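The values are calculated or read from the model by the stated rules, or taken from the named source; none is laboratory data. This is a predicted model, so every value here is computed, not measured. So basically every Cβ, Gly included, is an ideal-geometry build from the backbone, and we count neighbours across all protein chains shown.
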Amino acid sequence: MIGAALFNRLDSIPYSPLITPKAFCENQPCVNIHSGSLDFILNQPTSTAIVYILGAMWIAAGLYFLRSRGGQRSRSWWGVALLLGGAAALSAGTSYQAFGYEIKCAGREFCAWTSWWEVAYLTLQAASMDAMLIALAYACAAGKLRKALICYAVANAAAHFAVTAIGALTPVKFMISFELMILFSTPNLALFFILSGWRYSKYRQAMDLSLLGAGVWLVVTTGAYFAYMTLGITQKLWKQGIWFSDNDTLHIFMIIWIIYITIALGRHLKDTASPQKL
């Protein structure tokens with residue numbers, strides 16, 4: 001009973017301002033699916049399709065890197081990172097899009113702000129970024145620097161998991177937020193630029209240029225997401241009957257990123273054996 005009570009504490013975080021199930025579906029597309037024994041409300045059908053396609057692409061790309069690893073640990077860890085990212089996208093799509101009403105609103109007076117599906121998304125996405133840092137350590141560093149990067153990635157993943165778990169069980173809204181996950185991931189991205197940028201300036205290798213391009217597109221993607229959200233374009237379009245959300249912007253940009261890294265980085269990613277001194 002105590003365990004159940006702890007896991008149900010997420011339900012105590014409401015939207016601010018409060019939102020009823022009816023208002024929830026007035027602010028986004030909701031489609032009543034009724035076929036045989038199936039009877040549920042599907043949220044944001046187009047957004048659901050986009051995020052599930054993205055998740056499938058992450059997983060397919062991850063399997064590609066694992067199958068083509070050829071003993072290269074950088075490719076193995078990049079594959080793991082993509083599989084984690086794919087699982088994160090599917091978890092996010094389940095609660096933020098497809099079954100948001102059923103998970104957070106059905107049978108309630110007021111809708112809950114989040115769910116365990118969304119907590120899983122945050123944890124998996126943060127772990128994905130840390131796995132990418134380990135891949136970077138094998139591709140761009142050696143010796144003590146490689147060990148330091150790997151230790152940092154493991155510690156960062158553990159710290160985010162701990163903070164998120166505490167935030168979910170307490171509950172504390174900021175500790176289970178997208179913004180906090182971005183804060184934990186930002187140093188990884190900075191290390192991405194420092195290592196791949198330094199190596200490209202020194203060696204002019206295609207792999208380092210591909211890594212730089214991947215990092216740049218992640219920054220562009222995050223910037224586009226926050227710009228779209230800040231400008232309130234989702235609400236402006238929805239008033240005209242058009243649904244294209246800030247999450248759709250994020251997911252479309254991420255689909256382009258997946259295609260890029262599969263084609264560009266997929267050709268060149270490999271381990272480095274030489275010591276790297278910054």
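For GLY62, the conditions (1) over 20 Å from the mean Cα position of the chain (by Cα); (2) under 25 Å from VAL119 (Cα atoms) are fulfilled apart from (1). Among residues of the stretch 131-158 that are at positive phi, those with a Cβ under 8 angstrom from a residue that is outside any helix (DSSP H, G or I) and of a type outside the set (Phe, Trp, Tyr), sequence gap 6+ or separate chain, pair up as GLY143/PRO275; GLY143/GLN276.
Across the stretch 239-260, the qualifying residues are those that are in contact with a Leu (Cβ under 8 Å, 6 or more places away or on another chain) and among the β-branched types (Val, Ile, Thr), and the one among them that is surrounded by the fewest Cβ atoms within 10 Å (Cβ to Cβ) is ILE255.
Okay, residues lined up against (1) among the small types (Gly, Ala, Ser); (2) modelled with pLDDT of 95 or more; (3) more than 24 Å from TRP58 (Cβ to Cβ); (4) not in a helix (DSSP H, G or I):
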{"residue": "ARG108", "(1), (2), (3), (4)": "no, no, yes, yes"}
{"residue": "VAL119", "(1), (2), (3), (4)": "no, yes, no, no"}
{"residue": "MET129", "(1), (2), (3), (4)": "no, yes, no, no"}
{"residue": "TYR138", "(1), (2), (3), (4)": "no, yes, no, no"}
{"residue": "ILE150", "(1), (2), (3), (4)": "no, yes, no, no"}
{"residue": "ALA155", "(1), (2), (3), (4)": "yes, yes, yes, no"}
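Results for (1) in a helix (DSSP H, G or I); (2) surrounded by fewer than 17 Cβ atoms within 10 Å (Cβ to Cβ), shown as yes or no for each residue.
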| position | (1), (2) |
| --- | --- |
| PRO171 | no, no |
| SER185 | yes, no |
| LEU191 | yes, no |
| GLY197 | yes, yes |
| GLY213 | yes, yes |
| LEU237 | yes, yes |
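Residues of the stretch 265-275 include none that is surrounded by 13 or more Cβ atoms within 10 Å (Cβ to Cβ), of a type in the set (Val, Ile, Thr) and part of a helix (DSSP H, G or I).
Note on the stretch 1-101: enclosed helices (runs of 4 or more DSSP H) holding 1 or more residues that are touching a residue at least 12 places away in the same chain (Cβ under 8 Å) and farther than 27 Å from THR164 by Cβ are 21-26, 45-67, 73-92. The residue list PHE99, PHE110 contains one member that is touching a Leu at 6+ places or on another chain (Cβ under 6 Å) and surrounded by fewer than 23 Cβ atoms within 10 Å (Cβ to Cβ), which is PHE110. The condition of being closer than 24 Å to THR249 by Cβ and either among the aliphatic types (A, V, I, L, M) or modelled with pLDDT under 95 (or both) holds for only one of ILE50, ILE2, ILE33, ILE13, that being ILE50.
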